[in-house]
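Asks: For reference, the structure I am asking about is given below.
The values are calculated or read from the model by the stated rules, or taken from the named source; none is laboratory data. Please read these numbers as outputs of a predicted model, since none were measured by experiment. Cβ placement follows ideal geometry from the backbone for every residue including glycine, while neighbour counts extend to all protein chains displayed. These accessible areas exclude ligands, DNA and RNA; they are computed on the full protein's heavy atoms, side chains included. Shrake-Rupley method; radii C 1.70, N 1.55, O 1.52, S 1.80 Å.
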Amino acid sequence: MEKCCFCEEIGLLKNPYSEIARENCLPKNRILGFCKYWYVVPTLGALVPGYLLIISKAHRLSVSECSQAEQEELQHLLTRIREILEQLYQKPCIAFEHGESAQSTKSAASVSHCHVHILPFSGNLCEKIGYRTSYINFGELTEIGQYTVSGEPYLFFQSNDRHNSLIFLEKYPRQLFRRILAYEIGKEDMWDWNYFPFYDNLRNTYQVLKNLDFDTLIQSK
């Protein structure tokens, strides 16, 4: 397997983030919390405060590739993190994934390791996609594998009211949901985290949640 920045980070090895942190006075270790199968970090390119990534500890490519136990724990994390962020920022949240695949080059993901975005935002990014699309609404996260095809990319979206959807496109522009989000909040040209890392939002999110003992909060029932 080629080097993976998220695998290196969870292993506390030298990784791209550690270099960026050293050069820009960011937290050396940005990991806010662990569960059995997942860990949580404030993300580079945080378009808004409170923007987090939930990252699989094991090297998976997508949520649909994860085991049922991993999916169940992810669902718990999404619920708990929503509660924390919504209380803190007084906004509803959304969550999304650019589902990756090993066999396809069509994915919208920018890192080939399973990670789910969750952030405070009022609105539905799915309605703004504008490409030829196919939608599937489904129930529990553990059902995601019933509607995805092995080796094919997809988009996953969890709305403000916690409904889950899968979106299938003929083409998947990189960071598609981030492009739409940036446009919706008036930062249209700032969607690419490689060029617009929003270090201040990362620092602020990390400090605020660290002070709340975030790790303990996400593990509570």
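Asks: Which order do the peptides 183-193, 197-207 take when ranked by the mean count of other beta-carbon atoms within 10 Å per residue, highest first?
Replies: Packing proxy ranking, top to bottom: 197-207, 183-193.
Asks: Okay, next question. Mean residue ellipticity at 222 nm from the helices of the chain, using -39,500 (n - 2.57) per DSSP H segment of n ≥ 4 over the full residue count, to the nearest 500 deg cm²/dmol?
Replies: Computed mean residue ellipticity for the chain: -9000 deg cm²/dmol.
Asks: Enumerate cysteines in the chain without a disulfide-compatible partner, where compatibility requires another Cys Cβ under 4.7 angstrom.
Replies: Flagged as lacking a Cys partner: Cys5, Cys25, Cys35, Cys66, Cys93, Cys114, Cys126.
Asks: If you don't mind, another one. Going by a ≥ b ≥ c, the root eigenvalues of the Cα gyration tensor, does the chain fall in the rounded group (a/c under 1.5), the prolate group (a/b larger than b/c) or the oblate group?
Replies: Rounded.
Asks: Here's another thing I want to ask about it. Placing +1 at every Lys and Arg Cβ and -1 at every Asp and Glu Cβ, with all other atoms neutral, what dipole size does the stretch 168-221 have around its Cα centre, in debye to the nearest 20?
Replies: The calculated dipole for the stretch 168-221 is roughly 120 debye.
Asks: Within the set Lys14/Lys36; Lys3/Lys57; Lys57/Lys128; Lys36/Lys210, which residue pairs have Cα atoms separated by over 21 Å?
Replies: Lys14/Lys36; Lys57/Lys128
Asks: Using the per-residue mean of other Cβ atoms lying within 10 Å as a proxy for protection, in what order, highest first, do the peptides 157-169, 136-148 fall?
Replies: By packing density, highest mean first, the sequence is 157-169, 136-148.
Asks: Further question on the same structure: With every protein chain left in place, what is the accessible area per residue of the stretch 69-221 in square angstrom, probe 1.4 Å?
Replies: Using a 1.4 Å probe on heavy atoms only, each residue of the stretch 69-221 averages 49 Å².
Asks: On the protein heavy atoms, probe 1.4 angstrom, tell me the percent of accessible surface of the chain carried by carbon and sulfur.
Replies: Here carbon and sulfur together make up 48 percent of the probe-accessible area.
Asks: Still on this structure: Could you give the size of the charge dipole of the chain about its Cα centre, using +1 on the Cβ of each K and R and -1 on the Cβ of each D and E, expressed in debye and rounded to the nearest 20? Intermediate values should be presented prior to the final figure.
Replies: Values: 23 positive and 26 negative charges, 70 e Å.
Computed about the Cα centre, the dipole is about 340 debye.
Asks: Multiplying the sequence separation of Phe34 and His59 by 0.36 nm and subtracting their Cα-Cα distance, what value in nm do you get?
Replies: Separation in residues times 0.36 nm, less the Cα-Cα distance, equals 7.5 nm.
Asks: Among Gly50, Asn24, Val40, which residue has its Cα positioned farthest towards the positive end of the charge dipole of the stretch 10-69, with +1 placed on the Cβ of Lys and Arg, -1 on the Cβ of Asp and Glu, and the dipole taken about the Cα centre?
Replies: Highest projection toward the positive end goes to Val40.
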